[in-house]
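Q: Just passing along the structure, written as structure tokens.
Values in this text are rule-based calculations from the coordinates and carry no lab data. Since the model is a prediction, treat every value here as computed from it, not as a measurement. Note that each Cβ is placed from the backbone with ideal geometry, even for glycine, and that neighbours are counted across all protein chains shown.
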Amino acid sequence: MVRAFVFNRQGELVGPVDAPRVELSEQEWKKRLSPEQFQILRSKGTERPFCGSLLDNKQTGVYSCAGCGLPLFSSDSKFHSGTGWPSFFRPIASDNVAMVADGGHGMQRVEILCARCDGHLGHVFDDGPRPTGLRFCLNSESLAFTPSDRVAELADPVAELIAPSAAPATSGQAAGTATAVLAGGCFWCTEAAFEQLAGVLDVQSGYAGGAAETATYREVCEGETGHAEVIRVTYDPQQISYDRLLDVFFDAHDPTQRNRQGNDIGTQYRSAIFYASNEERETAEAKIKRLNESRAFKRPIVTTLEPLTAFYPAEPYHQDYARLNPDQPYIQHHALPRACQIRAKYADLVEPSRP
Ligand SMILES: [Zn+2]
């Protein structure tokens with residue numbers, strides 16, 4: 001038996017619960033896994049950097065063991081490490097990932113294994129971001145991804161040993177992190193400005209303000225959906241405050257243009273703060289008042305404050321767009337200069353190691 005956390009049929013992570021270990025013969029593993037998965041999970045292989053299918057996955061959801069299905073990592077703790085392998089700063093539950101010293105290849109490293117089937121996942125290093133300072137470096141092939149609206153499909157029979165009412169809700173964000181949803185015109189540009197900040201763990205492009213059915217780039221571009229192009233910033237409030245994020249936000253776009261940013265015209269490019277709590281709304285109101293009073297901009301700020309009802313992630317090809325397409329003319333002329341201005345003005349907030 002192994003102590004682990006598992007999902008129940010309500011899509012909640014529950015535990016710890018005693019789960020039977022998964023022990024199969026080499027032949028059985030070969031039948032169950034693809035050759036690539038077998039090479040990583042059972043033969044302790046390493047996939048080539050920048051080649052894994054989950055490296056740039058920015059959808060919200062859960063990463064499970066590709067061998068036995070045990071939940072291992074949540075998108076809430078995924079961050080861009082630049083190493084070429086999917087990276088997380090903490091497992092979904094510490095019981096679910098086993099760590100053992102690995103002296104192979106002439107290096108002293110710590111190997112990480114699935115606690116239930118002993119599948120090889122990757123290694124853990126101590127150069128990760130806050131709050132843990134750890135970098136769990138994974139092979140995409142060792143993982144299977146389930147989007148957050150489908151985690152109930154990961155339901156494990158042993159979860160029924162625990163009453164649902166006693167279950168801690170973990171479908172929200174990881175402890176110690178917070179999120180901010182901001183609209184400042186084209187999300188390619190605002191994403192690039194925020195990704196370089198220390199304490200910012202992840203930035204995802206998406207849509208907010210409209211209905212689920214119309215949350216697609218093609219429909220949002222038509223301008224009739226009520227959606228704005230937004231970014232969702234996941235950050236460590238110990239390292240950077242919501243108030244400071246708003247300072248950067250107001251410099252990352254022109255908050256005095258109504259329903260447009262330069263040549264991008266339409267309500268989908270409006271300047272807006274989607275607040276998730278009264279505290280966020282009050283902080284935003286106070287910030288706008290202060291900026292207007294100090295005449296920080298030549299014209300009054302027209303940024304709207306809107307309650308956040310839902311955030312819809314944009315299509316995968318929009319994520320990390322500026323970083324992946326630095327030669328694209330729009331990025332060259334709009335996103336990169338703006339990101340550089342932010343770097344210069346907020347040098348104290350920029351993470352030195354992030355290019
Ligand atoms: Zn496993």
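Q: Contour minus end-to-end for Leu161 and Leu24, with contour as 0.36 nm per residue of separation and end-to-end as the Cα-Cα distance?
A: 46.9 nm
Q: Calculated from DSSP H runs of 4 or more alone, at -39500 (n - 2.57) each and per residue, what is the 222 nm mean residue ellipticity of the chain, nearest 500?
A: -5500 deg cm²/dmol
Q: What is the Rg over Rh value, at two decimals, for the stretch 187-273, using alpha-carbon atoms and the Kirkwood definition of Rh?
A: Radius of gyration over Kirkwood radius for the stretch 187-273 works out to 0.98.
Q: Can you work out the Karplus-derived ³J(HN,Hα) for every residue in the stretch 88-101? Use 6.51 cos²θ - 1.76 cosθ + 1.60 with θ = phi - 60°, whole Hz, and x for glycine or proline.
A: Values per residue, Gly and Pro as x: 9, 9, 6, x, 5, 7, 5, 5, 7, 10, 9, 10, 9, 5 Hz.
Q: Using a 10 Å cut-off around each Cβ, can you sort Tyr217, Tyr235 from fewest to most neighbouring Cβ atoms?
A: Ranked by crowding around the Cβ, least crowded first: Tyr217, Tyr235.
Q: For the chain, list log₁₀ I(q)/I(0) at each q in 0.08, 0.09, 0.14 Å⁻¹, using the Debye formula over Cα point scatterers of equal strength and ignoring solvent, two decimals each.
A: -0.43, -0.54, -1.16
Q: Number of Lys-Lys pairs in the chain under 17 Å by Cα, sequence gap 8 or more or different chains?
A: Pairs that pass both the separation and distance tests number 4.
Q: Could you go through the stretch 63-79 in sequence order and give the Karplus-derived ³J(HN,Hα) for each residue, using 6.51 cos²θ - 1.76 cosθ + 1.60 with θ = phi - 60°, rounded to whole Hz, and x for Gly and Pro?
A: Each residue of the stretch 63-79 in turn: 9, 10, 5, 6, x, 10, x, 5, x, 10, 9, 10, 4, 4, 10, 7, 9 Hz.
Q: So what J values fall out for the stretch 128-145 if you push phi through Karplus, 6.51 cos²θ - 1.76 cosθ + 1.60 with θ = phi - 60°, rounded to Hz, Gly and Pro as x?
A: Calculated HN-Hα couplings, in order: x, x, 5, x, 9, x, 9, 10, 8, 9, 10, 8, 3, 5, 7, 10, 10, 9 Hz.
Q: Could you grab the relative contact order for the stretch 22-160? Cα pairs under 8 Å, six or more apart, rounded to a whole percent.
A: After rounding, I find 26 percent.
Q: Cα atoms only: what Rg and Dmax, in Å, come out for the stretch 64-131?
A: Computed over the Cα atoms of the stretch 64-131, radius of gyration and Dmax are 12.0, 33 Å.
Q: In cubic angstrom, how much convex hull volume per residue do the alpha carbon atoms of the stretch 178-349 span?
A: That works out to 108 Å³ per residue.
Q: Also: Limiting things to C-alpha atoms, what are the Rg and the maximum Cα-Cα separation (Dmax) for the stretch 2-166, in angstroms?
A: My reading of the Cα-based Rg and Dmax gives 15.3, 49 Å.
Q: Do any chymotrypsin sites (Phe, Trp or Tyr not before Pro) in the stretch 1-78 lie in a loop, going by DSSP, with at most 11 other beta-carbon atoms within 10 Å of their beta carbon, and if so which?
A: Qualifying residues, ordered by number: Phe50.
Q: What GluC sites (Glu not before Pro) does the stretch 188-295 have in DSSP loop regions with at most 15 other beta carbons within 10 Å?
A: Passing sites in the stretch 188-295 are Glu224.
Q: Starting from the Kirkwood radius over alpha-carbon pairs of the stretch 239-339, derive D by Stokes-Einstein at 10 °C in a medium of 1.306 mPa s and give it in µm² s⁻¹.
A: The calculation lands on 104 µm²/s.
Q: Please name which of Ser294, Leu154, Cys117 has its Cα lying farthest along the dipole of the chain towards the positive end, using unit charges on Cβ (Lys, Arg +1; Asp, Glu -1) and the Cα centre as origin.
A: Farthest towards the positive end: Ser294.
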